[in-house]
Amino acid sequence: MELGLQVPKFTWDGGPAQIGKTFGRIAREADQAGLSSFWVMDHFLQIFGAPELDMLEGYTALGFAAALTEKIRLGTLVTGATYRHPGLLIKTVTTLDVLSGGRAWLGIGAGFHEAEHRNYGVPFPSTSERFERLEEILQLAHQMWKGDETPFEGKHFHLERPLNSPQSLSRPHPQILIGGGGEKKTLRLLAQYGDACNLFDGADKNVLPHKLEVLKGHCADVGRDYAEIHKTVLTNLFITRDGAGDSITPEQAAERFAAFGALGVDEVIVNSRVVSEPGVFDLIAQVAEALRAIVPDGRSPQ
């Protein structure tokens, strides 16, 4: 199993003048701790807490992180289908992939946050149209990363010549992670077009295995090998050395995450309220090392 990190909040000591230094240190330490992936949310404003709290633009932040890291994969968790024109989105992810040496992922979903669209003047179409747009973006991503420059004629997007030069270093393309657990549309699109899913660790422990079974059914319907899908779970991690208060120790975290592996989960992606505290990555590295010894159920050791 693998351990990834999402950084969704940027309000740290020192205010905006220190955000770059703190965020850069977090990215470097995550890379050095052996974490597999590094994610930021792609939102125009902060959705965890007051909207006035600090929020960085996702791809600029990832480009900054790319320059400071060497191995860790980079992506948004996730970009909404409404946020950027698809041709420019694919170009942006390709640029990140080239400059990072082939470490970019495309994290994408239908989008849901209506208020930020209104605030920034970005159109927010109906749910059905957002999913139509998402499918066209996924189709175009595969086309552009194949080097196919023929015109793209969708219901919502029309590209005369979707040229992508330079081409991505990741082959056949940067991995496509589709966020969300919608059973009729999201997981179906994942089975058809995606390489990875991102599901939530909710209070009801029956939900995650159910979602994975639904995904397995969609894979069977479209003739996709379910084992090809990289399965990730997003959860919170409050870790300390002694497990005081409502925190847990590295050993307890590894035991908790091993339960995901028993369900077939390949990677746990964590948010951590103590991510900016000195020394926390010494503890997180212990969890990552312990997870590397765990083979998800149904998989063969690498």
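So that you can scan it fast, the table gives a plain yes or no per residue for (1) of a type in the set (Gly, Ala, Ser); (2) under 26 Å from Gly111 (Cβ atoms); (3) in contact with an Asp or Glu (Cβ under 7 Å, 6 or more places away or on another chain):
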{"position": "Phe10", "(1), (2), (3)": "no, yes, yes"}
{"position": "Gln18", "(1), (2), (3)": "no, no, no"}
{"position": "Asp31", "(1), (2), (3)": "no, no, yes"}
{"position": "Met41", "(1), (2), (3)": "no, yes, no"}
{"position": "Thr60", "(1), (2), (3)": "no, yes, no"}
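Taking residues in region 137-149 that are free of Cβ contacts under 8 Å to residues at least 60 places away in the same chain, and partners anywhere that are of a type in the set (Phe, Trp, Tyr) and surrounded by fewer than 22 Cβ atoms within 10 Å (Cβ to Cβ), the pairs with Cβ atoms closer than 6 Å and at least 6 places apart or on different chains are Leu138/Tyr193; Leu140/Phe152.
Residues checked against (1) surrounded by 14 or more Cβ atoms within 10 Å (Cβ to Cβ); (2) at pLDDT 95 or above:
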| residue | (1), (2) |
| --- | --- |
| Ala191 | yes, yes |
| Asp201 | yes, no |
| Lys205 | no, no |
| Asp221 | no, yes |
| His230 | yes, yes |
| Asn236 | no, yes |
| Ile248 | yes, yes |
| Glu251 | no, yes |
| Ala254 | yes, yes |
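Condition check for Phe44 on (1) among the aromatic types (Phe, Trp, Tyr); (2) touching a Lys or Arg at 6+ places or on another chain (Cβ under 7 Å); (3) more than 30 Å from Ala288 (Cα to Cα): one failure, at (2).
The values are calculated or read from the model by the stated rules, or taken from the named source; none is laboratory data. Everything numeric in this text was worked out from a predicted model, so none of it was measured. All Cβ positions, even for glycine, are placed from backbone atoms using ideal geometry, and neighbour counts span all protein chains on display.
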